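Working notes, structure below.
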Amino acid sequence: MLDRGDAMNALSRFCSFRYSPPRRFPAIAAIGLICAAAHAQTQCPGYVETDAGSAFDIASIIRDTGSPQSALDKVRGAVARVNAGGGCSIFRDRLACEETLTLANKAIAALQACASTGARHG
């Protein structure tokens, strides 16, 4: 078991900026490339919010559907079903429906932006 000093020494080996012998360079370069690739993936916001304070969790729907494009398709489909069924006029709480559609449209705009970014990177 490492004591606090050993843990700090081990951590400093990964975090220091001292010269590494050439044999370590490939490993360090590989780690750097992995980190860069992870960062270069889609940069979608975690959520969007309306002026009224309603929030849509974009990160969760992307996680559930598997990609920003799949999430975009799912949200678009839900909005299309509401509109095909008569829009918000068929609901008892029309204002809540309109707020939900406003939020969904903000989510669609955000998903379009990050899905197109992902398409250019991938």
What about Ala27, is it modelled with pLDDT of 50 or more, farther than 15 Å from Gln112 by Cα and of a type in the set (A, V, I, L, M, F, W, C)? yes
When the residues of the range 40-74 are filtered to those that are assigned to a loop (DSSP other than H, G, I, E, B) and free of Cβ contacts under 8 Å to residues at least 24 places away in the same chain, which remaining residue is nearest to the chain's Cα centre (by Cα)? Gly46
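Here's the yes/no breakdown for (1) among the β-branched types (Val, Ile, Thr); (2) modelled with pLDDT of 95 or more; (3) farther than 22 Å from Ala55 by Cβ:
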residue	(1), (2), (3)
Leu72	no, yes, no
Arg76	no, yes, no
Ile90	yes, no, yes
Ala113	no, no, no
Gly118	no, no, yes
Counting only residues that are assigned to a helix (DSSP H, G or I) and of a type in the set (D, E, K, R), which one in the range 75-122 is surrounded by the fewest Cβ atoms within 10 Å (Cβ to Cβ)? Arg120
The one condition Ala55 fails out of (1) modelled with pLDDT under 50; (2) of a type in the set (A, V, I, L, M, F, W, C); (3) in contact with a strand residue (DSSP E or B) (Cβ under 8 Å, 6 or more places away or on another chain) is (1)
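The values are calculated or read from the model by the stated rules, or taken from the named source; none is laboratory data. Remember, it's a predicted structure, so these values are computed and weren't measured experimentally. Every residue, glycine among them, receives a Cβ derived from its backbone with ideal geometry; neighbour counts consider all protein chains shown.
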